[in-house]
Amino acid sequence: MRLNNSPILTTRNYGINDAKVDDSVFCQEITPFENIIIENADSFFNKNAKKISFSKKIGGDFDLQLSQNNNAVLNFEIDKSQENPICISFKFDENNKMLVEQIVFNIKENVDAKLIVSLSGEVDAYHNGIVKINCEKNSKAEMLFITDFEKESVNVLRFENSVDEASKLKVSLVDFANGHSIINYYSKLNGDESKSILNCVYVAGGKTFVDLNFEQDVFGKKSEASIQTVGALLAEARKHFKGTINFEKGCKKSSGSEDELCLLLSKNAKSKALPMLLCTEEDVDGKHASSVGKVSEKELFYIMSRGFSRQDAIKLVVKAKFNIVLENLFDVKLKQKLIDLVDRKLNYEE
Amino acid sequence: MKTLLKVKSLKAKVGEKEILKGLNLEIKEGEVHVIMGPNGAGKSTLANVIFNNPQFQKTAGSVFFDGKDITNAKVDEIAKSGIFMSFQTPEEISGVSVFNFIKTAKGKIENKNINYFDFKEEMQKNAKALKMKGDLVNRELNVGFSGGEKKKNEILQMLELSPKLAILDETDSGLDVDAIKTVSKGIEMFKTEKNAVLIITHSCKILQALKVDFVHILVDGKIVYTGNASLAKEIEENGYEKFEAGKKNA
Amino acid sequence: MPKTKVKEINQNIYDFKNQDNFDFKMKKGLSEEIVREISKKKVEPEWVLDIRLKALEVYHKLDLPIWGPDLSELNMDEISTYVKPKTDKKESWEDVPEEIKDTFDKLGIPKAEHEYLAGVGAQYDSEVVYHSIKNSLLKQGVIYTDFDSAIRDYPELVKEYFTKCVPLFDHKFIALHYAVFSGGSFVYVPKGVKLEMPLQSYFRLNSPESGQFEHTLIIVDEGASLHFIEGCSAPKYNKVNLHAGCVELFVKEGASLRYSTIENWSKNMLNLNTKKAIVEKDAKMEWVSGSFGSKISMLYPMSILKGENSKTEFTGISFAGKGQNLDNGFKVVHLAPNTSSVVSSRSLSKSGGVATYRSLVSILPEATNSRCSITCDGLMLDDISRSDTIPFSNVEVDDVEISHEAKVGKISEKAIFYLMSRGLSEEDAKAMIVRGFANPISKELPLEYAVEMNRLINLELEGSIG
């Protein structure tokens, strides 16, 4: 099965145009999922929500399953700002192993919204979902999306966002990938002076395969798109990164940047990357930087000379890099929790 | 003495924000002027507005230089009329050597072909006097230059292009000891009875080594007070408070 | 601010046509009969014909690439794959027929040879018409000859290396190349011989609706060094011409090779060229590439860092003007420990031109302690053009350092203001910045070629209010 096509193709034998996975990754029979906890969302939750349509396809049978055979549809019409974030937790367990869900957040004009979605559990989970965030004029949305499965799982996730005039969307995507993690992220910067930021951190070990396909389309003038990704690969983990910033004609005075850092913490880890800048508008400022490699020995030596073990030194450096990406997360305590979790995930034998 | 620069009721804004609010200034041949003022008063804006930097918009007033109206002139025409401005943070232009750049600029300003060997000799002499490293003139324009090297390069350009009026924007680096030496030395080499200098600064240190004729205090987009060199000393001791308050009362 | 127009590259100096005068022009199309006939005309040994026929088979099996520029306008039935000019190879310009000699005179080749080259080869359509090398080099055992002569005179050497760097199943157009290849140069630099002056081969395609398929094979033996320059041009016709050449380079232990190209094919040319180098232990391969011409270009020189401590550098510029789609870049595979690659790529796009940077960096498990650094800059000169950056990396070992930086945008307004404040007009300021942008390439070329390149980037900018 070939999933998650790159928006621009390149030489086939590079193996980056799509993610090749075994057919067995797809699960035909879907059991119910009831363990959903929603907090701080009473007045926003639309109980009459219908299924949504989406245009970004992952491929295989996943898209059909998501539109016809889903087991959760959540719709939030957020028409006023509030202090506490809306929290949605999907707790996976033996009776709730499969989640095929659609979540929509409509952020109304001038509203400030904070959103947290988390998927976690200690089972071999199956997830096939989509999140749509529509930011209306002059709104502001910040989202933290976490996946944390303790056992080898399948995580197929799409994002399809639209960002209108003078609105700002910031998504922090934290993926403790285990098994298969196939993520397609798309944001369309419709309006002038819109801003769309994607910060992604991931840690993957075992034989995990992570396929990230991040795309931002800039249409509005004076807009800003950013994709920042930092990840660590352990054991025999593999990662594909496809990043695209597309400056469409007319998006004058806009800027876009892509940054990718992939830390290889094992000699058997493998990284592929295709970070693209596509530009049909002259008056823009597009940048891209990426680096791949292990943690610098010089840096490690310095830290170890201050009494850290090698492994702790590595952890310290990795956490520091993650910290930069998660720096402005709206919930400081939550950020600390995440960094602690990273610490735990990085316990490994070199 | 002939008037070189005459700025009348100049107003300018950046975006929607008005920064110069009716500024008057007159500079004659042979004079050294200093503009001082608190942060955000519009000091750096002035040089850029005189030069029609597209980032700023002139909204009212006029600028005359050497009897010619340059209020709406193009940037290069202003340079050719005989004004030079040093940049706080000069742009880095890759692939263009300092030597080639200054030679080209001199050719444009003097409207003639510059003799390669004469020019090279003169430039090397000046570079040496400014204690510039030997290879600096062959390096790419400002690329990878330290702050001090950039400063020296600006002063070298001033010497080579020999303008009638040099506007030196020192608000950023005015405190650096080496930069002060470079600028003082450059002015000393440059200054004659026929030309003039306008120094924009917020520090008095640079003024100690120079003979200054006028000190202007710029507050909130206007020159609120003009005095002689002793004014700088007073500012150093008491700050701008008096002038800021004075403005409010007035 | 007034709009500034950048003039198209002045092609006129390359655009003189000679009459389509030939000794023999193959009928259009591609078939076994045609391949056999080319081989027969060349009176080549059986093993070469075998390669041609095998390649033809591979060509028919392979698909067009699924990526990159649209090649649908290429119809092999409309291309003549072999055009023999009205002369044999000569060793003195005096003997070259007036009309052909005149072409190379206009391109400045004999003058360049006289002044700063150690040897010159000149190809006109499908055959080499002139080849010469300085006597002193002959005495040191340097071989520089046309490829047909090499097959005849150095069969063992050719057999040992031919198709070993670029195999015929690499892609569809390399298979095409091997089926109908003709002309090109062969160079062998013996152990320890360091050439101080460059060798240059110049390729001119005069005949309309035809293809040029020259094969260049260079072996720089242990400890030797060479600078090789390749130039190409053609007059413009209304119908498609095709260039599918192949360059195979072998850089032996401790050797160094610099391969410079100034490509200025006419804007009806599809340039589907393949260049590859195998770099052995402690050896160094440098590519300098200026891509100005062609309607479509798909050109990705490749270094295979096979030996420990081997190095490669790529410095390239593309200038995509009206009607051009230049899909260029670089490929490097790190196969051994302590290898390094440095890539600097620049592109300019204007008047609707499309410039794409496409690259591959692959670091395989054996290549421990290797490093790779890539910078690419795309400069947009107007808002109707396009600039894309498509860099791919594959890393299979942790002990490496890869960094990649890319930028795209227009000329900085601040930079223009700075230069104008020193008396340069807006047009001059822009021209100076663009020339500076191209400087990393021109400074890597011999002075005379740098001048040539600056003439190609003939940036007579003219202001008009708009």
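The values are calculated or read from the model by the stated rules, or taken from the named source; none is laboratory data. Source: prediction; values computed, not measured. Methodologically, a virtual Cβ is constructed for each residue, glycine included, from the backbone with ideal geometry; neighbour enumeration extends over all protein chains shown. Only protein heavy atoms, including side chains, enter the accessible area calculation; ligands, DNA and RNA are left aside. Shrake-Rupley method; radii C 1.70, N 1.55, O 1.52, S 1.80 Å.
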Identify, from the list A:162, A:187, A:167, A:172, the residue that is open to solvent by less than 10 Å² (accessible area, probe 1.4 Å) and without any contact (Cβ under 8 Å) to a residue 40 or more places away in the chain. A:187
Report, by residue number, each residue of region C:75-88 that is surrounded by fewer than 17 Cβ atoms within 10 Å (Cβ to Cβ) and either at pLDDT 95 or above or assigned to a loop (DSSP other than H, G, I, E, B) (or both). C:75, C:86, C:88
Return yes when residue C:95 is more than 16 Å from residue C:233 (Cβ to Cβ), among the acidic types (Asp, Glu) and without any contact (Cβ under 8 Å) to a residue 40 or more places away in the chain and no when it is not. yes
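Here is a yes/no grid of residues against (1) modelled with pLDDT of 95 or more; (2) more than 7 Å from chain A (Cβ to nearest Cβ):
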| position | (1), (2) |
| --- | --- |
| C:357 | yes, yes |
| C:362 | yes, yes |
| C:376 | no, yes |
| C:380 | no, no |
| C:388 | yes, no |
| C:397 | no, no |
| C:402 | no, no |
Within region C:322-332, the count of residues that are within 24 Å of residue A:15 (Cα to Cα) and more than 12 Å from chain A (Cβ to nearest Cβ) comes to 4
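Here are some residues: A:212, A:234. Which one is touching a residue at least 12 places away in the same chain (Cβ under 8 Å) and within 16 Å of the chain's Cα centre (by Cα)? Talk me through it step by step, then tell me what you get.
On the way: A:234 fails: within 16 Å of the chain's Cα centre (by Cα).
Result of the check over A:212, A:234: A:212.
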Take region C:35-74 and flag every residue that is open to solvent by 20 Å² or more (accessible area, probe 1.4 Å), under 30 Å from residue A:7 (Cβ atoms) and part of a loop (DSSP other than H, G, I, E, B). C:62, C:63, C:64, C:65, C:66, C:67, C:68, C:70, C:72, C:73, C:74
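Of the residues that make up region B:140-163, is at least one over 22 Å from residue C:415 (Cα atoms) and either open to solvent by 70 Å² or more (accessible area, probe 1.4 Å) or under 14 Å from the mean Cα position of the chain (by Cα) (or both)? Lay out the reasoning, then the answer.
First, pick out the residues of region B:140-163 that are over 22 Å from residue C:415 (Cα atoms): none.
Looking for residues that are over 22 Å from residue C:415 (Cα atoms) and either open to solvent by 70 Å² or more (accessible area, probe 1.4 Å) or under 14 Å from the mean Cα position of the chain (by Cα) (or both), one finds none in region B:140-163, hence no.
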Matching strands (runs of 3 or more DSSP E) fully within region A:78-144 where at least 3 residues are over 26 Å from residue A:63 (Cα atoms): A:112-121
Considering only region A:20-73, how many residues are part of a helix (DSSP H, G or I) and within 19 Å of residue A:131 (Cα to Cα)? 7
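Please go through region B:134-167 and pick out each residue that is assigned to a helix (DSSP H, G or I) and hydrophobic (A, V, I, L, M, F, W, C). Give the derivation first.
Taking region B:134-167 first, the residues assigned to a helix (DSSP H, G or I) are B:136-138, B:147-161.
Those that are assigned to a helix (DSSP H, G or I) and hydrophobic (A, V, I, L, M, F, W, C): B:136, B:137, B:155, B:156, B:158, B:159, B:161.
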Among the residues of region B:223-231, is there at least one that is open to solvent by less than 10 Å² (accessible area, probe 1.4 Å), within 25 Å of residue B:65 (Cβ to Cβ) and not aromatic (Phe, Trp, Tyr)? no
Looking only at region A:292-301, how many residues end up being closer than 21 Å to residue C:405 by Cβ and open to solvent by less than 20 Å² (accessible area, probe 1.4 Å)? 3
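Taking the conditions exactly as written (modelled with pLDDT under 95 and over 30 Å from residue C:381 (Cβ atoms)), does residue C:27 satisfy them or not?
On the way: modelled with pLDDT under 95: yes; over 30 Å from residue C:381 (Cβ atoms): yes.
It is true that residue C:27 is modelled with pLDDT under 95 and over 30 Å from residue C:381 (Cβ atoms).
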Go through the residues of region C:200-221 one by one and say whether even a single one is surrounded by fewer than 21 Cβ atoms within 10 Å (Cβ to Cβ) and either in contact with a Leu (Cβ under 7 Å, 6 or more places away or on another chain) or more than 22 Å from residue C:29 (Cβ to Cβ) (or both). yes
Filter region C:223-234 down to residues that are open to solvent by less than 10 Å² (accessible area, probe 1.4 Å) and in contact with a Ser or Thr (Cβ under 6 Å, 6 or more places away or on another chain), then give me how many there are. 3
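Step by step: first the residues of region C:404-428, then only those that are among the hydrophobic types (A, V, I, L, M, F, W, C) and in a loop (DSSP other than H, G, I, E, B), then the one that is farthest from residue C:331 (Cα to Cα). Which residue is that?
Quick first cut of region C:404-428, residues among the hydrophobic types (A, V, I, L, M, F, W, C) only: C:406, C:408, C:411, C:415-417, C:419-420, C:424.
This time we only want the ones that are in a loop (DSSP other than H, G, I, E, B), so: C:411, C:424.
Values: C:411: 28, C:424: 40 Å.
The qualifying residue farthest from residue C:331 (Cα to Cα) is C:424.
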Identify all residues within region C:254-274 that are open to solvent by 10 Å² or more (accessible area, probe 1.4 Å) and part of a strand (DSSP E or B); write none if there are none. C:256, C:258, C:262, C:274
If I filter region A:266-273 for residues that are at pLDDT 95 or above, more than 7 Å from every other protein chain (Cβ to nearest Cβ) and open to solvent by 10 Å² or more (accessible area, probe 1.4 Å), do I get at least one hit? no
The number of residues in region B:20-41 that are surrounded by fewer than 23 Cβ atoms within 10 Å (Cβ to Cβ) and either under 19 Å from the mean Cα position of the chain (by Cα) or part of a helix (DSSP H, G or I) (or both) is 13
Just checking, which of B:117, B:101, B:64, B:84 is in contact (Cβ under 8 Å) with a residue 12 or more places away in the chain, part of a helix (DSSP H, G or I) and either crowded, with 20+ Cβ neighbours inside 10 Å or more than 14 Å from chain C (Cβ to nearest Cβ) (or both)? B:101
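What number of residues within region B:120-158 satisfy the criterion of being aliphatic (A, V, I, L, M) and more than 13 Å from chain C (Cβ to nearest Cβ)? I'd like the intermediate steps shown before the answer.
Looking only at region B:120-158, we keep the residues that are aliphatic (A, V, I, L, M), and these are B:123, B:127, B:129-130, B:132, B:136-137, B:141, B:143, B:155-156, B:158.
This time we only want the ones that are more than 13 Å from chain C (Cβ to nearest Cβ), so: B:123, B:127, B:129-130, B:132, B:136-137, B:155.
Number of matching residues: 8.
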Residue among A:320, A:289 that is within 14 Å of chain C (Cβ to nearest Cβ) and surrounded by fewer than 19 Cβ atoms within 10 Å (Cβ to Cβ): A:289
Please indicate, with yes or no, whether at least one residue in region A:129-144 is farther than 21 Å from residue A:194 by Cβ, in contact (Cβ under 8 Å) with a residue 24 or more places away in the chain and open to solvent by 10 Å² or more (accessible area, probe 1.4 Å). no
Could you grab me the full set of residues in region C:24-58 that are of a type in the set (Phe, Trp, Tyr) and under 30 Å from residue C:353 (Cβ atoms)? none
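Could you tell me whether residue C:441 is at the interface with another protein chain (Cβ under 9 Å from one of its Cβ atoms), among the β-branched types (Val, Ile, Thr), touching a helix residue (DSSP H, G or I) at 6+ places or on another chain (Cβ under 8 Å) and assigned to a helix (DSSP H, G or I)? Step through it out loud before you land on a result.
Details: at the interface with another protein chain (Cβ under 9 Å from one of its Cβ atoms): no; among the β-branched types (Val, Ile, Thr): yes; touching a helix residue (DSSP H, G or I) at 6+ places or on another chain (Cβ under 8 Å): yes; assigned to a helix (DSSP H, G or I): yes.
So residue C:441 does not fit the description; no.
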